[in-house]
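Please read the structure below before turning to the comments.
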Amino acid sequence: MSWQDRAIKNTQEILEREAVERLALLMNAAAPCKGSGAVSRRIAQATSAETILDYFAEIRFGLAFKELRFEIEFEPCGSKGPDLAVFRDGQSTYVEVKRFRPSVADDGPTVGIWDELMPYGNLEKSVKRIEDELAKKVRQVEADSGIVAFWSDHSTVEVIDFELATLLRHPHTCHVVRDTCVT
């Protein structure tokens, strides 16, 4: 049984059926890419839904770069290195992917009492968290140039939080692009 088959089987055991079908399509699309077996291996060995979804964020970004006509390689330096390498027009760079997971503790209440919405989110806390994660990921890329890609499933982290965090940390080098090409 291949790592991809094992990954799909593990995903079926841990996630809901609808999610498994969508994620299997992503895995199949990524299968021809160099290093995809490494991501499949990690998915096959994952023990939680959140960890599986972290790995699928890497696949989503890899496929987004592929759609933009980049050649991609998953785990180009092994499991401790960057998540992706992207190549085009004789140039290459590394990509580090970070998924912000949903968190009941951080999200707080999203519905109120007597049909009144409760405030949610904390801009300062959110921006600080993103800044900290950005700093960690930039160190992981370990190159003169690199890409840090954030994926957020966190209901109270808004696009503006990412914009503020990246502008404060790296005002001339970071760009926030809203993901519209990958679902």
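The values are calculated or read from the model by the stated rules, or taken from the named source; none is laboratory data. In this text the structure is predicted, and so the values were computed from the model without any measurement. Counting neighbours? That spans all protein chains shown, and the Cβs are built from the backbone with ideal geometry, glycine included. Protein only, heavy atoms only, side chains kept; ligands, DNA and RNA dropped before computing areas. Shrake-Rupley method; radii C 1.70, N 1.55, O 1.52, S 1.80 Å.
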- Would you point out which residue out of Arg22, Arg42, Arg17 is farther than 18 Å from Trp151 by Cα, open to solvent by 60 Å² or more (accessible area, probe 1.4 Å) and at pLDDT below 95? Arg17
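Conditions (1) of a type in the set (D, E, K, R); (2) out of contact with any Leu (no Cβ under 6 Å at 6 or more places or on another chain), marked per residue:
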{"site": "Ile14", "(1), (2)": "no, yes"}
{"site": "Leu25", "(1), (2)": "no, yes"}
{"site": "Pro32", "(1), (2)": "no, yes"}
{"site": "Gly35", "(1), (2)": "no, yes"}
{"site": "Arg41", "(1), (2)": "yes, yes"}
{"site": "Gln45", "(1), (2)": "no, yes"}
{"site": "Tyr55", "(1), (2)": "no, yes"}
{"site": "Ile59", "(1), (2)": "no, no"}
{"site": "Gly62", "(1), (2)": "no, no"}
